[in-house]
Amino acid sequence: MLTKKITYPLYRKYSNNKTYFKIISETEFEEIQILGSKKTILFFEAKILPDRNYIYDLTFNYKTHWLLSDSQEYEALKKTITTSS
């Protein structure tokens, strides 16, 4: 099996600019979702094969569903998220 060397994190987004991903590792990612004026951030850890496959697709097969993003775009958006205690 041919392995591909990946340097994490990687950044992806949907073309509608409503969902952004920060892929942290083969099994973890953050997701920022925008719904109207509300923004939420979720942390996800893959524990089953379909979830690991989703992260694999985000990493390698992204061109059919996602666009490339970058750390500046992701982190700037993350800073605008307000958290309530």
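Please treat every number below as a calculation from the coordinates, not as lab data. Nothing here was measured: the structure is a model prediction, and the numbers come from that model. Backbone-built Cβ (ideal geometry, glycine too); neighbour counts: all protein chains shown.
Over the chain, calculate the relative contact order: mean separation of alpha carbon pairs under 8 Å at least 6 apart, over the residue count, as a percent. Each step should come with its number before you reach the end.
Values: 113 pairs, mean separation 25.0, N = 85.
Once normalised by length, the contact order is 29 percent.
Compare L58, L42, L68 in a GNM of the chain, Cα atoms joined below 10 Å, and give the one with the largest fluctuation.
Ranking L58, L42, L68 by mean-square fluctuation puts L42 first.
Mind giving me the FRET efficiency for T40 and Y62? R0 is 25 Å, r the Cβ-Cβ distance, nearest 0.05 is fine. Provide the component values of the computation, followed by the final result.
Numbers: r = 22 Å, r/R0 = 0.87.
The calculated FRET efficiency here is 0.70.
Extending each Cα 7 Å along its Cβ direction at N16 and I48, get the distance between those two points in nm, one decimal.
Between N16 and I48, the label points sit 2.6 nm apart.
Have a look at T7, Y56, Y74 and report the one farthest towards the positive end of the charge dipole of the chain, computed about the Cα centre with Cβ charges (Lys/Arg +1, Asp/Glu -1).
The listed residue farthest towards the positive side: Y74.
Which angle from 0 to 90°, rounded to the nearest 10, does the C-alpha axis of helix 49-60 make with the longest principal axis of the chain?
In the chain, helix 49-60 runs at an angle near 90 degrees to the longest axis.
Given charges of +1 on the Cβ of Lys and Arg and -1 on the Cβ of Asp and Glu, with all other atoms neutral, how large is the dipole of region 10-79 about its Cα centre, in debye to the nearest 20?
Dipole size: approximately 300 debye.
Under a GNM of the chain (C-alpha, springs under 10 Å), which listed residue has the highest mean-square fluctuation: S15, S25, S69?
Most flexible of the set in this elastic network: S15.
Rounded to a whole number of µm²/s, how large is the Stokes-Einstein D of region 9-85 at 10 °C and 1.306 mPa s, given Rh as the Kirkwood radius over C-alpha pairs? Before the final figure, lay out the partial values.
Working: Rh = 12.8 Å.
Translational diffusion coefficient: 124 µm²/s.
Top mean-square fluctuation among E73, E45, E28, Gaussian network model of the chain, C-alpha springs under 10 Å?
Between E73, E45, E28, it is E73 that shows the largest mean-square fluctuation.
Using only helices, what value at 222 nm comes out for the chain when you add -39,500 (n - 2.57) per DSSP H run of length 4 or more and divide by the total residues, to the nearest 500 deg cm²/dmol? Walk me through the numbers on the way to the answer.
Working: 2 runs with 21 residues, N = 85.
Calculated mean residue ellipticity at 222 nm is -7500 deg cm²/dmol.
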